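Just so you know, all these numbers are worked out from the coordinates, no wet-lab data involved. Computed from a predicted model, the values in this text were never measured in an experiment. Here the Cβ positions follow ideal geometry from the backbone for every residue, glycine too, while neighbour counts run over all protein chains shown.
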Amino acid sequence: MESNTRCDILLITNSFPYGTGESFIELEIPRLLANFDTVYILPFKMRKGTGELAKRDIDPRVQIVLPSQSVIDKSIPSLNYLFPTLLLFCRVFFMECSDRRSFKKVMKPRNLLLTFIRTYRGVLYKKEYAAIVNRLPLKNHIVYSYWTDAWLTGILDYHRRKDKNRLVVSRAHRGDLYDEASMQKYQTARKFIFRYIDYVFPISTSGYTYLTERYEELKNKCKVHYLGIKLYEAHLNNEPPAVSAQFVTASCSFVTKVKRVDLIIKALARVDRKIRITHHHFGDGPLMEELKSLTGSLPENINFVWHGYKSQNELYDFYANNPIDLFMNVSESEGLPVSIMEAMSFGIPVIATDVGGTSDAVDASVGYLIPMMPDLAEITGLLEKHIVLDTAAKQQYRRSAKEKAFEKFNSEVNYDRFHEDLYNLSSWE
């Protein structure tokens with residue numbers, strides 16, 4: 001992207017570049033450095049002790065700004081912040097009650113308490129944020145929140161009072177977007193956030209539809225911007241890899257309840273005993289040991305391999321050197337899975353549940369979409385159906401998967417488009 005006017009950008013994350021989460025941000029960093037003068041990153045949810053987490057190896061030109069205190073660990077309200085919390089809470093509360101749907105949700109005692117607690121944290125975030133932006137040598141900067149999180153309540157309250165012309169934008173993924181993806185089935189302060197934010201960028205068309213149908217405030221300030229994947233030399237062969245001699249499947253996700261890796265195991269257990277399948281799972285999580293015991297009872301024709309956490313380079317090396325016939329994702333809820341984009345870029349067809357923005361990547365040309373609550377027999381049936389396809393049909397699925405990944409999910413193209421939109425939206429001269 002070329003621009004005669006350059007500016008700084010302040011990217012707000014949970015903990016990136018510390019720890020192992022938010023790994024998909026890594027690919028956007030080089031494009032941020034190419035498109036903006038100075039890139040600042042504020043990991044706003046750094047808890048006590050998280051400074052001891054490993055810091056990822058990112059470009060030294062990125063300026064990391066650590067908060068002076070852990071906001072989310074301050075769960076007991078301080079009297080010093082009680083009055084500003086009450087003022088902000090009243091504004092948030094009355095805006096939430098301005099339509100019938102929000103009123104019914106916010107008036108539930110648990111949600112009312114949650115709204116107050118998050119408003120209190122919003123006041124703490126506001127205080128911390130004000131101290132940070134006032135000490136940084138920012139010039140014509142954009143505030144870019146990677147998540148539509150509670151910290152936006154404080155940030156937006158600061159800017160509506162102190163710096164109204166500052167461009168503040170946010171992405172929206174899954175847990176920060178859909179009510180049903182939150183533990184309380186309710187996202188707090190949405191009306192307030194969407195009234196005062198300049199733009200929201202959901203990562204899928206499903207997210208866009210969800211937001212614009214529910215919030216009139218976003219009618220003219222919401223646009224889809226996909227995340228992306230890096231396309232390495234290994235991707236650039238004209239022809240996808242040959243079909244493997246033995247049928248091989250793969251999955252890549254945290255091993256948590258919402259990812260439902262157990263459904264993959266149970267579906268594989270039902271496959272005809274004459275069919276031999278090796279399944280590779282990448283990723284770890286709290287259910288790892290429990291599900292390892294479940295795979296121990298699989299029939300002899302199924303070989304389930306647990307790889308645990310792997311870096312992106314390690315995962316890509318495996319995909320490049322081990323032909324895989326199908327990628328499987330049976331999550332109960334998703335944003336738009338980067339894991340699916342990555343698999344498709346290697347010409348791997350996909351079986352996936354039709355949740356969140358998955359349909360932006362998976363259609364009948366690249367694989368199989370199944371209902372959110374799939375029948376095990378349906379998953380097994382699709383596996384067996386794909387196994388008996390002739391080589392030409394399988395290769396066509398592979399070509400289509402690869403072509404779609406290149407067309408829609410090239411990280412350099414997608415992030416440059418996104419940053420260009422940020423420049424076009426900016427209000428400075």
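Ordered by the number of other Cβ atoms lying within 10 Å of each residue's own Cβ, fewest first, SER365, SER311, SER333 fall into the sequence SER311, SER365, SER333. For region 324-335, 3J(HN,Hα) computed residue by residue from phi via the Karplus equation (6.51, -1.76, 1.60; θ = phi - 60°) reads 10, 7, 8, 9, 10, 9, 10, 4, 6, 8, 8, x Hz, glycine and proline entered as x.
Separation of region 88-136 from region 154-169 is 15 Å, based on Cα centroids. Got a sec? How would VAL65, VAL143, VAL133 order by Cβ neighbour count within 10 Å, fewest to most? With the sparsest Cβ surroundings first, the list reads VAL65, VAL133, VAL143.
Provide the gained length on full extension for the span ARG417 to ARG160, in nm with one decimal, where the gain is 0.36 nm per separating residue minus the Cα-Cα distance.
89.8 nm
The aspartates and glutamates within cross-link reach of LYS55, meaning a Cα-to-Cα straight distance under 13 Å and a gap of 8 or more places when in the same chain, are GLU22, GLU26. Which residue, LYS104, LYS408, LYS230, has the most motion in a Gaussian network model of the chain that connects Cα atoms within less than 10 Å? For the chain, modelled as a Gaussian network with Cα springs under 10 Å, the answer is LYS104. Annotation: average projected area of region 233-408 is 9.1 square nanometres, based on the convex hull of Cα atoms across all directions. On the basis of the beta-carbon distance and an R0 of 41 Å, MET288 and ARG6 show a calculated FRET efficiency of 0.35.
A crude spin-label estimate for the pair ASN80 and SER333, with each label 7 Å from Cα along the Cβ direction, gives 3.5 nm. Each residue in MET95, MET107 was given a count of other beta-carbon atoms within 10 angstrom of its own, and listing them fewest first yields MET107, MET95. List residues of region 354-370, by number, whose backbone nitrogen lies under 20 Å from a label position 7 Å along Cα→C-beta of GLU180. It comes to 354-363, 369-370, nothing else. Among the trypsin sites (Lys or Arg not before Pro) within region 242-338, those in coil by DSSP and having at most 16 neighbouring Cβ atoms inside 10 Å are ARG270, ARG273, LYS274, ARG276, LYS310.
May I ask for the angle, rounded to the nearest 10°, between helix 205-214 and the longest principal axis of the chain, with both axes built from Cα atoms and the value confined to 0 to 90°? With rounding to tens, the tilt is 40 degrees. If a/c stays under 1.5 just call it rounded; otherwise compare a/b with b/c (prolate if a/b is bigger, oblate if not). Do that for region 347-388, with a ≥ b ≥ c from the square roots of the Cα gyration tensor eigenvalues. Oblate. In straight-distance terms, cross-link reach from LYS139 covers every one of the lysines whose alpha-carbon lies under 17 Å from its own, apart from those fewer than eight places away in the same chain; here that gives LYS162, LYS164. A 30 angstrom limit on the alpha carbon distance is what I want to check against. Which of LYS292/LYS408; LYS126/LYS185; LYS126/LYS223; LYS45/LYS259; LYS185/LYS219; LYS126/LYS404 exceed it? In this structure, LYS292/LYS408; LYS126/LYS404 exceed 30 Å between Cα atoms.
Anisotropy class assigned to the chain is prolate, per the alpha carbon gyration tensor with a/c at or over the 1.5 cut-off and a/b larger than b/c.
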